[in-house]
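Step one of this worksheet: look at the structure below.
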Amino acid sequence: MKNAYLQIEQSLELSGDVSLVGAKNAVLVIMSSLLLTSGKSRLKNVPASADVLHMIRLLEELGAQVTFVQDEHILEIDTLGVNKWQVNPDIMKKMRASILVMGPLLARFGRADIAMPGGCVLGARPIDYHLKNFAKMGVKIQEEGHFLHAQVDELIPGKIVLEYPSVGATENIMMAAALVKGTTRIINAALEPELLDLIAVLKKMGAQITIDPPAMLVIDGVDELLPITHEIISDRLEAGSLLLAAAITGGEVNLPQAPAYALDVFLLKLEEMGHSITVGKNDVGIHLKATDSPHAVSFKTGPYPGFPTDLQAPMMALQCLAEGTSTIEETVFENRLVHAHELQKMGAQINVEGNKALVTGVEELYGAHVIASDIRASCALVLAGLVAKGTTIMTGIPHWQRGYEALEKKLAALGANIRLHAQVNRHLKFLHREGEMPTQDV
Ligand code: EPZ
């Protein structure tokens, strides 16, 4: 949304019950996995975030028929008519997750033409683990400028060893292997909850996949995969952001659908700060009551089940006002501390050295004009704005909307004084129902 901004005023003690949408990082890869089948599938609990709309457009351009009933979060995708393997480079630039159609296209057509996704503010973000291992499966990859032309007569099963448990590479290889005759094993695989939801979908489609300790995926290829109906898991990252909003404002929030089982280390750190956390039956549902004297805690991000890198920035915002100092170590992405600079504009005391940030708690923050550099940074700045004295203006709204479905509305329902000022971009106008044009108070 061009020229859009969020205006945030100090809002204390956010409180109430909130329902969650489905996980962005599950639904995007699940949508691409539907290229492995031909026919109509139905996905429920689908967030109406900008990335989902980008993926819809990508699939439509490959020939899929898509219907999205946003109010009901229901998405129907018919892949019977998919007849192309060239991915629109503009969408590739907008959304790195587009790379996740490469495995399914190779399995379906033996071909995939994509543009190199390129880096983003988080770092170089190469795709070498994807390409190296596709080559191990017999794929010939020809580079032409920014474009990659991948081609294979028949994918080969075998042993794939990942030097790092990359989420995207694990997902891409696994999807490519699902229809390959024989057994493919992925060693040192990622096991993020969103990836486990993808495995649940693939198994529903008829795939043969098992998870062997410590982190090996065994995929026995099948001849055919069938369309499915599936409910996307609730978004642990949206849950984390809402818990942090209540914690930073000294409030109390209840998230009945929150996947506590997927947030253990994060919840441990919130408890160490002094916040009171209650978890529901079967580890589903989280209630948080904030302490009024939070202690600073240190943490280090890592692959699941470690502390999620996608909650590092919002958790940093909390440390800015906690008593004491916190050392934050970002180990997943080499350049994911950019938000520290924007928090400093609001009066935070943060010293960044390499992939570490030392945060010294201060009495208060002040409103300022801040710029969101990526999805999770936008959340950190909104949280800081909720407790800062005066007005905070945040730009970089496309990041906020890529990752969250109108999260500002949920925060407002909890008592936040937050307002989206925007001019509608013609591509995203159906994000807003008639009469809800973004000049209104949220
Ligand atoms: C997924 O990205 C998520 N995106 C990210 O969420 C998340 O931060 C990340 O996993 C880690 O949990 C989606 O699921 C769409 P990786 P992905 O491959 O798959 C390096 C958000 O905010 N690497 O696990 O791209 C890479 O550069 C986003 O929602 C290579 O070097 O992450 C990074 O440093 C941001 N070569 C590390 O591995 C490769 O071929 C982890 O990346 C692949 C990755």
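Taken together, the values in this text are just the output of simple stated rules run on the coordinates, not laboratory data. Since we're looking at a predicted model, the values are computed, not measured. Glycine gets a Cβ as well: all are built from the backbone with ideal geometry, and neighbour counts include every protein chain shown.
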Query raised in the report: Relative to the Cα centre, what is the charge dipole magnitude of the stretch 129-169, using +1 at the beta carbon of each Lys and Arg, -1 at the beta carbon of each Asp and Glu, and rounding to the nearest 20 debye?
Result: 180
Report summary line: If unit charges are put on Cβ atoms (+1 for Lys and Arg, -1 for Asp and Glu) and the dipole of the stretch 1-150 is taken about its Cα centre, the option from Ile30, His73, Pro104 lying farthest towards the positive end turns out to be Pro104
Report task. Treating the angle as unsigned and between 0 and 90°, give the value, to the nearest 10°, between the Cα long axis of helix 375-387 and the longest Cα principal axis of the chain. Result -> 20
Report task. Under 1.5 on a/c is rounded, so check that first for the stretch 72-202, then, if it is not, pick prolate when a/b is larger than b/c and oblate when it is not; a ≥ b ≥ c are the square roots of the alpha carbon gyration tensor eigenvalues. Result -> rounded
Report summary line: If R0 = 25 Å, then Thr325 and Ile393, at their Cβ-Cβ distance, give a FRET efficiency to the nearest 0.05 of 0.30
Query raised in the report: Which of the residue pairs Lys140/Lys300; Lys140/Lys356; Lys203/Lys269; Lys136/Lys356; Lys94/Lys300; Lys159/Lys204 have a Cα-Cα distance greater than 32 Å in the structure shown?
Result: Lys140/Lys300; Lys140/Lys356; Lys203/Lys269; Lys136/Lys356
Report summary line: Listed by chain and number, the lysines with an alpha carbon less than 18 angstrom from that of Lys410, same-chain partners under 8 positions apart left out, are Lys24, Lys289
Report summary line: Within the stretch 97-160, DSSP-loop GluC sites (Glu not before Pro) with at most 10 other C-beta atoms within 10 Å are Glu154
Query - Per-q log10 I(q)/I(0), the chain, q = 0.12 Å⁻¹ (Debye; single scatterer per alpha-carbon; no solvent) - result: -1.01
Query raised in the report: Of Ala245, Pro259, His230, which is farthest on the positive side of the dipole of the stretch 192-316, counting Cα position, with +1 on Lys and Arg Cβ, -1 on Asp and Glu Cβ, and the Cα centre as origin?
Result: Ala245
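Taking the stretch 298-356, which GluC sites (Glu not before Pro) meet the DSSP loop condition and have no more than 11 other C-beta atoms within 10 Å?
Nothing satisfies the criteria.
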Requested in this report: Provide the packing ranking of 257-265, 358-366, i.e. peptides ordered by the mean count of other C-beta atoms within 10 Å per residue, highest first.
Outcome: 257-265, 358-366
Requested in this report: Would you mind checking the tilt of helix 167-177 against the longest principal axis of the Cα atoms of the chain, expressed as 0 to 90 degrees and rounded to 10?
Outcome: 20
Requested in this report: Would you list which aspartates and glutamates come within 16 Å of Lys84, measuring only between C-alpha atoms, while excluding same-chain residues fewer than 8 positions from it?
Outcome: Glu60, Glu61, Asp113
Query raised in the report: Among Leu148, Leu243, Leu414, whose mean-square fluctuation peaks in a Gaussian network model of the chain (Cα, cutoff 10 Å)?
Result: Leu148
Query - Extension reserve of the His421-Arg111 stretch, reckoned as 0.36 nm per residue once the Cα distance is removed - result: 107.3 nm
Query - Long-range HN-HN contacts of Gly347 with modeled amide H, under 5 Å - result: Tyr366
Query raised in the report: Roughly speaking, what is the centre-to-centre gap between the stretch 84-115 and the stretch 64-82 when only Cα atoms are used, to the nearest Å?
Result: 19
Query raised in the report: When DSSP assigns beta bridges and you keep just the ones with both residues in the chain, what percent turn out antiparallel, to the nearest 5?
Result: 75
Requested in this report: Measure out, as a whole number of angstrom, how far apart the alpha-carbon centroids of the stretch 346-421 and the stretch 161-223 sit.
Outcome: 36
Query raised in the report: What is the distance, in nm, between label points placed 7 Å from the Cα along the Cα-to-Cβ direction at Glu76 and at Glu231?
Result: 2.0
Report task. Provide the gained length on full extension for the span Lys132 to Asp283, in nm with one decimal, where the gain is 0.36 nm per separating residue minus the Cα-Cα distance. Result -> 50.5 nm
Report summary line: The FRET efficiency for Thr360 and Asp223, from their Cβ-Cβ distance with R0 = 45 Å and rounded to 0.05, is 0.15
Report task. Over every pair of different alpha-carbon atoms in the stretch 186-245, take the mean of 1/r and invert it; report that Kirkwood radius in Å. Result -> 13.3
Query raised in the report: If one takes the longest principal axis of the Cα atoms in the chain, at what angle in degrees, from 0 to 90 and to the nearest 10, does the Cα axis of helix 193-205 lie?
Result: 30
Report summary line: The size of the Cβ-based charge dipole (Lys, Arg +1; Asp, Glu -1) of the stretch 163-302 about the Cα centre, to the nearest 20 debye, is 120
Report task. Consider a paramagnetic label point 7 Å from the Cα of Ala124 along Cα→Cβ; state which residues of the stretch 99-118 have an amide N under 15 Å from it. Result -> 117-118
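I'm a student and want to see the number: the projected area of the Cα convex hull of the stretch 1-132, averaged over all directions, in nm². Let's see the in-between values first.
On the way: hull surface 42.3 nm².
Its Cα hull, projected and averaged over all orientations, spans 10.6 nm².
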Requested in this report: With a Förster radius of 51 Å, plug the Cβ-Cβ distance of Asp292 and Val338 into 1/(1 + (r/R0)^6) and report the FRET value to the nearest 0.05.
Outcome: 0.95
